[in-house]
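Take a look at the structure set out below.
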Amino acid sequence: MLIACGSHRIHADLLGERGRRAVCLVHSLGADMTMWAEQVPALLEAGYAVLRIELRGHGGSDALPGPYRMEDLGADLARVLDSVALGPVDYVGLSLGGMSGQALALERPDLLRSVVICDALPESLPNADEIWGPRIRAVRAARSCAPIAQATIERWLTPAFHAAHPARWAEILATIAATEAEGYAGCAEAISRFSFVGRLPTLRIPALILCGEDDHAVPPAEGERIARLVPDGRFVAIAGARHLPNVEKPAVFNRLLLEWLARG
């Protein structure tokens with residue numbers, strides 16, 4: 001489905017029966033809803049409905065000229081949740097999905113039962129321009145994310161995963177390369193200019209913070225920082241995983257997620 005959000009549309013899909021408790025899944029920068037292929041069957045089997053949302057400029061969602069703000073992405077998510085009217089959902093966001101999810105949780109806590117923030121920052125890194133500037137310039141110059149795709153996936157997943165799962169690696173690599181260049185650039189600009197550090201202590205929603213123990217993109221210490229800032233926060237590192245522990249260690253990730261959802 002396409003949800004109108006002012007001048008653009010956000011793509012989402014709902015799996016499972018309406019009326020079930022819903023889990024909302026939101027992907028990383030340069031990915032789309034297929035990033036959650038390892039989670040959807042487990043959630044449906046456990047009796048949950050699954051709402052997957054694609055951020056602006058990703059998958060089937062429209063891109064607007066950048067830069068974007070993290071608050072813009074959070075507002076898009078709120079518009080979708082208001083539109084689908086599932087009641088409060090359990091939100092699961094990874095990387096950009098985890099950062100935009102913080103914006104959503106701070107602005108619209110009424111839409112959420114809990115949040116799971118994975119491999120995400122609470123604010124831009126001090127060297128954000130050094131990290132993101134070359135990537136933003138590269139994709140805009142090429143009008144494609146192909147130039148940054150290989151380096152991106154090597155930050156996301158280990159060589160051991162590549163050797164064991166070459167087809168899944170190739171699928172994710174193709175998704176990165178196919179991401180709309182302006183959508184990638186605009187979202188990267190949002191990552192470069194945000195901070196929720198001052199507001200996270202006001203969050204009154206239970207929060208589980210997950211991070212790949214070997215994440216090269218988001219240091220696990222940043223996840224621990226979020227968990228300390230949030231009054232009801234819990235941090236867990238997932239061994240043997242980089243930036244996509246949900247893909248690299250799905251059995252561990254799914255167990256932690258389902259245990260979290262079962263708590264109440």
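The values are calculated or read from the model by the stated rules, or taken from the named source; none is laboratory data. Keep in mind the model is a prediction, meaning the values are calculated, not measured. Cβ atoms come from the backbone with ideal geometry, glycine included; neighbour counts cover every protein chain shown. Please note that ligands, DNA and RNA were not included when accessible areas were found on the heavy atoms of the full protein model with its side chains. Shrake-Rupley method; radii C 1.70, N 1.55, O 1.52, S 1.80 Å.
A few notes on this one:
- Accessible surface of the range 134-212, 1.4 Å probe, proportion on carbon and sulfur as whole %: 59
- Under Karplus coefficients 6.51, -1.76 and 1.60, residue-wise ³J(HN,Hα) of the range 18-28 in Hz, glycine/proline x: 4, x, 6, 4, 9, 10, 9, 10, 10, 7, 8
- Gained length - A174 relative to L44, 0.36 nm times residue gap less alpha-carbon distance: 44.2 nm
- Averaging the Cα positions of each part gives two centres, and for the range 168-227 and the range 232-263 these lie 15 Å apart.
- Residues in the range 177-192 carry Karplus couplings, in order, of 4, 8, 4, 4, 4, 5, x, 4, 5, x, 5, 4, 5, 5, 5, 7 Hz; the curve used is 6.51 cos²θ - 1.76 cosθ + 1.60 with θ = phi - 60°, and Gly or Pro positions show x.
- Accessible area per residue in Å² at 1.4 Å probe, computed on the range 22-90: 30
- The range 68-200, relative contact order in percent, only Cα pairs under 8 angstrom and at least six apart counted: 30
- Accessible carbon and sulfur surface of the range 54-121 relative to its total accessible area, %, 1.4 Å: 48
- P(r) tail fraction, the range 83-161 - alpha-carbon pairs more than 14 Å apart, %: 73
- Karplus (6.51, -1.76, 1.60) ³J(HN,Hα), θ = phi - 60°, over the range 236-241, in Hz, Gly and Pro reported as x: 9, 9, 9, 5, x, 10
- With a cut-off of 14 Å on the backbone N, the residues of the range 181-206 near the modelled label site 7 Å out from R228 along Cα-Cβ are 197-198, 201.
- Remark: the range 152-223 carries 40 Å² of accessible area per residue (probe radius 1.4 Å; ligands, DNA and RNA excluded).
- You can think of it this way: the chain between R143 and H216 has 23.7 nm of extra reach, that is 0.36 nm per residue less the Cα-Cα gap.
- The dipole here belongs to the range 36-115: it is taken about the Cα centre, uses +1 on the Cβ of Lys and Arg and -1 on the Cβ of Asp and Glu, and is about 40 debye.
- Highest-first packing order for the peptide set 63-73, 95-105, 168-178 is 95-105, 63-73, 168-178, based on the mean count of other beta carbon atoms within 10 Å.
- The value obtained for the range 1-52, namely the Cα convex hull volume divided by the number of residues, is 81 Å³ per residue.
- Accessible surface, per residue, of the range 104-148 when the full set of protein chains is kept, probe 1.4 Å, Å²: 47
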